[in-house]
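K.L.:
Right, I'll just put the structure down here and ask away after.
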Amino acid sequence: MNREIKFGYSFLGYHTLIKLNVKFTSAQAGKLNEQYPTLVICQNHRSDKCGFRIEGCLNYQEFDSFRYNLQLALVDYKIKSLLTVRDLITDTISL
């Protein structure tokens, strides 16, 4: 049945089915897992980078806060990766 559900969000009445692949740190995954215990967040081993799969069901009251917290985690991950790239570039230029 898992293969029949499309990636993204599926709205079913008062519930939302969630199936996503995202990239963020394991600390951020643990934080989301604590906030939303009905979701399963596991590391995606098919990806060579830090990818996680999020699957589960949320009711309509939790969905907006989940999307907000997920967007914050994704933006934080992108900022950290850009800062790492910037540090590598400045280190090679200063040599």
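K.L.:
Limited to the stretch 51-88, what total is found for residues that are within 14 Å of L20 (Cα to Cα) and either in a strand (DSSP E or B) or touching a Cys at 6+ places or on another chain (Cβ under 9 Å) (or both)?
P.N.:
Final tally of qualifying residues: 8.
K.L.:
OK, next. So, in the stretch 57-95, of the ones that are closer than 16 Å to P37 by Cα and open to solvent by 80 Å² or more (accessible area, probe 1.4 Å), which residue ends up nearest to the chain's Cα centre (by Cα)? Give the derivation first.
P.N.:
First, the residues of the stretch 57-95 that are closer than 16 Å to P37 by Cα: 57-67, 69-70.
Going one step further and asking which of them are open to solvent by 80 Å² or more (accessible area, probe 1.4 Å), we end up with 60-61, 64, 67.
Numbers: Y60: 19, Q61: 19, D64: 15, R67: 10 Å.
Restricting to residues being closer than 16 Å to P37 by Cα and open to solvent by 80 Å² or more (accessible area, probe 1.4 Å), the top hit is R67.
K.L.:
Give me the residue from the stretch 9-31 that is more than 15 Å from E55 (Cβ to Cβ) and assigned to a helix (DSSP H, G or I) and, out of that set, most open to solvent (accessible area, probe 1.4 Å). Full working, then the answer.
P.N.:
The initial filter retains those residues of the stretch 9-31 that are more than 15 Å from E55 (Cβ to Cβ), namely 11, 13-14, 23-28, 30-31.
Keeping just the survivors that are assigned to a helix (DSSP H, G or I) gives 26-28, 30-31.
On the way: S26: 83, A27: 78, Q28: 26, G30: 32, K31: 129 Å².
Out of the qualifying residues, it is K31.
The values are calculated or read from the model by the stated rules, or taken from the named source; none is laboratory data. What you see is a predicted model; the values in this text were computed from it and never measured. Don't worry about glycine lacking a Cβ; one is built from the backbone with ideal geometry, like all the others, and counts go over all protein chains shown. Keep in mind that these areas ignore ligands, DNA and RNA; they rest on the heavy atoms of the full protein, side chains included. Shrake-Rupley method; radii C 1.70, N 1.55, O 1.52, S 1.80 Å.
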